[in-house]
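Below you'll find the structure, written out as structure tokens, and then a few comments.
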Amino acid sequence: MKEHTACFTGHREVENISETRKRLIEASFSLINRGVRHFLVGGAMGFDITAGEDIFFIREAIHHMVGEIKLTIVLPCSFDIFTKKWKEKDKKRLDYLMTLTNENIILQEEYSADCYKMRNTYLVDNSQYCICYYDKNKFRSGTGQTVRMAEKQGLELINIF
């Protein structure tokens, strides 16, 4: 249900990770208090994986108080293709996170020129809220694209940059 769903989008490079995580957790709790029970994560290095890890920990800590909180990772293409150029430690981090989710969605097996846009569209189309880590100076980025889509569709944006 879209009205109870939030997605995450953010840059691969995250500055001041401890402060960013604090703001991410605060924003997530705010949405949980408003009834959000499903979080969608795009699976990219940096902010996406951090968001997924934080939602997992929140879910484990408060599920007895609020009920089930679902976590879904949405990949644009197969894990092996998506992470082909990643360092091994980053691959292991995503792989482990994918074992902790309620669901993993792979939009298509093979890479295509528009698969990342398809992933970003899926995140926005299936959410009412978007927690982002978006530097407005990085307009030409996947995060910028996703934020613009979210704005156009009227999602409530929470930028924790």
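The values are calculated or read from the model by the stated rules, or taken from the named source; none is laboratory data. Remember, it's a predicted structure, so these values are computed and weren't measured experimentally. FYI the Cβ positions are ideal-geometry reconstructions off the backbone, even for glycines, and counts take in every protein chain you see. Areas reflect the complete protein model, heavy atoms only, side chains present, ligands, DNA and RNA absent. Shrake-Rupley method; radii C 1.70, N 1.55, O 1.52, S 1.80 Å.
Relative contact order for the stretch 31-161: what percent, with Cα pairs under 8 Å and sequence separation of 6 or more?
Across the stretch 31-161, relative contact order equals 22 percent.
Order the peptides 148-154, 91-97 from the highest to the lowest mean number of other Cβ atoms within 10 Å of their residues.
The packing order, highest mean first, is 91-97, 148-154.
Alpha carbon centre of the stretch 133-154 versus the stretch 1-64: separation in Å?
Between the Cα centre of the stretch 133-154 and that of the stretch 1-64, the gap is 17 Å.
Within a Cβ distance under 10 Å of S141, other residues only, what is the Lys/Arg minus Asp/Glu net charge?
Result for the local shell: +2.
Give me the compactness ratio for the chain, meaning the Cα radius of gyration over 2.2 N^0.38 Å.
For the chain, the normalised Cα radius of gyration is 0.95.
At 222 nm, what helix-only mean residue ellipticity would the chain give, in deg cm²/dmol to the nearest 500, using -39500 (n - 2.57) for each DSSP H run of four or more?
-14500 deg cm²/dmol
When Lys and Arg each count +1 and Asp and Glu each count -1, what net charge do the other residues less than 13 Å away from N16, Cβ to Cβ, add up to?
-1
When the chain is modelled as a GNM with alpha-carbon springs shorter than 10 Å, which of M98, M65, M118 fluctuates the most?
Maximum among the listed residues: M65.
Ranking request for peptides 120-129, 73-82: highest mean number of other beta-carbon atoms within 10 Å first, then the rest in descending order.
In decreasing order of mean packing, 120-129, 73-82 become 120-129, 73-82.
Between I17 and I106, what is the FRET efficiency for a Förster distance of 30 Å, r being their Cβ-Cβ separation, to the nearest 0.05?
0.65
Can you work out the accessible area per residue across the stretch 40-104, with the rest of the protein chains kept in place, probe 1.4 Å, in square angstrom?
The answer is 47 Å² per residue.
Over the chain, with a Gaussian network built from C-alpha contacts below 10 Å, which listed residue (G43, G144, G35) shows the highest mean-square fluctuation?
The residue that fluctuates most here is G35.
If you roll a 1.4 Å probe over the chain with all protein chains in place, what percent of the accessible area is carbon or sulfur?
Carbon plus sulfur share of accessible area: 50 percent.
Test of the criteria: in the stretch 102-136, which GluC sites (Glu not before Pro) are in a DSSP loop and have at most 12 other Cβ atoms within 10 angstrom of their Cβ?
Answer in residue order: E109, E110.
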